[in-house]
Amino acid sequence: MMRLPGFRYRAPRTIGEAAAWLAENPANTMLLAGGTDLLPNMKRRQQTPSTVVALRGITSLSEIHNGDGLAIGSGVTLSHLIGDARVRQSYPGLWQAAAQVATPHLRNMGTVGGNLCLDTRCTYYDQNYEWRKSIDFCMKRDGKICWVATSSPKCLAVSSTDTAPMLQALGATVTLVSIRGERIVPVAELFANDGMRYLTRQPDEIVTSIRVPAATGWRSAYWKLRRRGAFDFPVAAAAVAARFDGARVVDLRIVLGAVSSRPLSADRAAALLTGQDLSDELIESAAVAAAGIAKPMDNTDFELVWRKKMVRSLVSHALHEIRGDDMRARRHQLARQELLIPASASAAR
Amino acid sequence: MKVRLKCTVNQEPVEVLADDYKTLLEVLREDLQLTGTKHGCELGECGACAVLVDGTPVLSCLVLAVESEGRRITTVEGLAADGRLHPLQKCFADLGAAQCGYCTPGILITAKALLDAEPNPSRARICEALSGNLCRCTGYLQIVEAVEAAAKAPR
């Protein structure tokens with residue numbers, strides 16, 4: 001069996017206390033929220049921090065506040081997020097993304113901040129220590145080479161977060177706090193296209209909240225490809241957010257998930273649609289343009305050429321959905337899940 | 001290092017001295033001898049280790065034991081009361097919802113949380129609630145039918 005390696009456990013009660021502990025030794029300290037990403041990685045010795053700073057005791061991180069949009073604490077669980085009527089009503093794409101993360105158990109544990117900062121994934125990395133040792137490791141941990149493309153100077157592990165592409169499409173920002181102060185960056189700038197240094201978050205910074213701008217006039221949708229309907233990481237995804245004036249698109253963003261080491265903004269595809277009515281022809285042109293920038297690698301589930309082709313379909317489905325087409329049958333075919341709202345959430349509305 | 005952990009397990013107050021790197025699953029099985037909760041994939045993929053923490057289903061293989069301080073834990077051993085099986089247990093036995101039985105404790109505990117929150121769930125809701133519990137024997141049909149039967153049984 002796989003035991004956790006030893007570590008020093010710290011349970012701060014305030015963000016300031018957490019930032020101070022993190023600042024003591026940022027390179028060897030990791031933040032623990034839901035534990036659903038960090039603890040498996042620690043068991044497989046992919047991540048071996050000497051200190052773990054647990055954020056669970058900081059109650060202010062688990063709140064969702066109204067304002068000009070929504071301010072979502074980084075410690076809000078994914079179950080809490082999808083149970084929130086404001087999210088369901090105003091940010092359907094975010095609801096669809098969060099509701100398709102993992103399983104009910106894992107959503108009860110995993111947090112929005114954790115999903116945003118989710119470690120990148122790869123066939124050659126997400127393995128136990130002995131497996132990785134048998135191939136002399138890879139550059140992401142303990143080794144020198146990238147087994148996905150042996151001449152690659154950088155790690156090609158895949159961004160596998162569902163909420164990040166959607167939050168990026170919605171124009172969300174994140175607040176980062178350290179003992180040096182606080183800064184707010186767009187979600188788009190939180191990521192870098194490098195499987196190892198995929199976050200621009202500094203080692204001493206804590207993601208404390210995610211602010212989603214007001215949704216007035218905006219529609220959003222998230223489409224995900226995965227092996228199993230029950231649960232799986234995305235192997236391709238499309239997040240679309242658009243503001244309409246009648247039938248005309250005033251503003252639109254398309255962000256692809258799981259086809260790069262970061263959420264990938266398809267700006268040229270989005271530009272094709274801005275200022276236009278969403279005709280079938282334009283949707284197809286934009287979907288083709290978006291698929292053109294997808295760079296899936298052969299390091300996760302499914303065949304990569306097919307994944308790239310599927311990006312075109314996912315973008316097309318998302319655009320049809322925000323246009324108002326009835327996509328329920330198609331969504332059920334792909335997600336193989338009703339994506340039902342728990343009774344408690346419906347009651348809250 | 002050992003840490004002193006105080007919590008409630010199956011409605012009984014518990015105090016235990018456990019290694020600080022241990023998961024809740026390891027403390028339940030190794031320090032409290034509650035081996036009903038099963039040790040499956042260890043990585044949060046199979047649902048065999050599901051327990052309720054303050055009434056919510058979570059995977060005990062991914063909960064640090066130290067983070068269970070002061071919490072209310074329910075394991076499969078806490079389902080039967082006064083020598084009588086919980087309706088879910090009875091229906092699982094009557095309808096053949098368990099074969100090898102390894103996934104059963106996790107499924108029972110997850111189904112209990114569902115029925116506590118939603119006494120009459122639809123079949124789709126049952127499937128969704130149990131979507132994190134893998135069973136390699138039954139094909140799931142008997143499991144879903146047993147949960148439906150338990151929902152109808154007097155409690």
Go through the residues of the stretch A:181-192 one by one and say whether even a single one is away from chain B (no Cβ under 14 Å), assigned to a loop (DSSP other than H, G, I, E, B), closer than 22 Å to A:A27 by Cα and more than 13 Å from the chain's Cα centre (by Cα). yes
Taking A:V255, is it in the same structural domain as A:A188 (by TED's automatic domain parsing), of a type in the set (V, I, T), in contact (Cβ under 8 Å) with a residue 12 or more places away in the chain and not in a loop (DSSP other than H, G, I, E, B)? no
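I'd like the residue in the stretch A:112-128 that is assigned to a loop (DSSP other than H, G, I, E, B) and within 12 Å of chain B (Cβ to nearest Cβ) and, out of all such residues, is surrounded by the most Cβ atoms within 10 Å (Cβ to Cβ). I'd like the intermediate steps shown before the answer.
In the first step, residues of the stretch A:112-128 are kept if they are assigned to a loop (DSSP other than H, G, I, E, B); the result is A:117-120, A:122-128.
Adding the requirement that they be within 12 Å of chain B (Cβ to nearest Cβ) leaves A:126-128.
On the way: A:D126: 22, A:Q127: 17, A:N128: 15.
The selected residue is A:D126.
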I need a count of the residues in the stretch A:12-45 that are open to solvent by 20 Å² or more (accessible area, probe 1.4 Å) and more than 8 Å from chain B (Cβ to nearest Cβ). 18
Given (1) under 24 Å from B:L34 (Cα atoms); (2) touching an Asp or Glu at 6+ places or on another chain (Cβ under 8 Å); (3) within 11 Å of chain A (Cβ to nearest Cβ), where does B:A97 come up short, assuming only one miss? (3)
Determine which member of the set B:E128, B:E69, B:E145, B:E77 is surrounded by fewer than 20 Cβ atoms within 10 Å (Cβ to Cβ) and either in contact with a strand residue (DSSP E or B) (Cβ under 6 Å, 6 or more places away or on another chain) or within 14 Å of chain A (Cβ to nearest Cβ) (or both). B:E69
Return the total of residues in the stretch A:250-260 being surrounded by fewer than 24 Cβ atoms within 10 Å (Cβ to Cβ) and under 22 Å from A:K154 (Cα atoms). 1
Taking the stretch A:209-254 only, how many residues are closer than 18 Å to A:E321 by Cα and among the basic types (K, R)? 5
Given the condition among the polar types (S, T, N, Q), surrounded by fewer than 20 Cβ atoms within 10 Å (Cβ to Cβ) and touching a Gly at 6+ places or on another chain (Cβ under 7 Å), answer yes or no: does some residue in the stretch B:11-28 qualify? yes
For B:C100, which of the numbered conditions (1) touching a helix residue (DSSP H, G or I) at 6+ places or on another chain (Cβ under 8 Å); (2) free of Cβ contacts under 8 Å to residues at least 40 places away in the same chain; (3) not small (G, A, S) fails to hold? (1)
The listed residue being modelled with pLDDT of 95 or more, among the polar types (S, T, N, Q) and assigned by TED's automatic domain parsing to the domain that holds A:M196, out of A:T14, A:T48, A:T77, A:T36: A:T77
Please go through the stretch A:64-88 and give me each residue that is closer than 26 Å to B:A129 by Cβ and without any contact (Cβ under 8 Å) to a residue 24 or more places away in the chain, ordered by number. A:I64, A:H80, A:R86, A:V87
Count - residues of the stretch B:2-27 that are outside any strand (DSSP E or B) and either in the same structural domain as B:I109 (by TED's automatic domain parsing) or polar (S, T, N, Q) (or both): 2
Of all residues in the stretch B:97-117, how many are open to solvent by less than 30 Å² (accessible area, probe 1.4 Å) and over 18 Å from B:V9 (Cα atoms)? 8
Condition (residue is in contact (Cβ under 8 Å) with a residue 12 or more places away in the chain, within 26 Å of A:H80 (Cβ to Cβ), of a type in the set (S, T, Y) and crowded, with 16+ Cβ neighbours inside 10 Å) applied to the stretch A:46-54: is it met by at least one residue? no
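The values are calculated or read from the model by the stated rules, or taken from the named source; none is laboratory data. These numbers come from a predicted model, not from an experiment. Because the Cβ atoms are built from the backbone with ideal geometry, glycine has one as well, and the counts that use them run over all protein chains shown. Just so you know, the surface numbers come from the protein's heavy atoms only, side chains and all, with ligands and any DNA or RNA stripped out. Shrake-Rupley method; radii C 1.70, N 1.55, O 1.52, S 1.80 Å.
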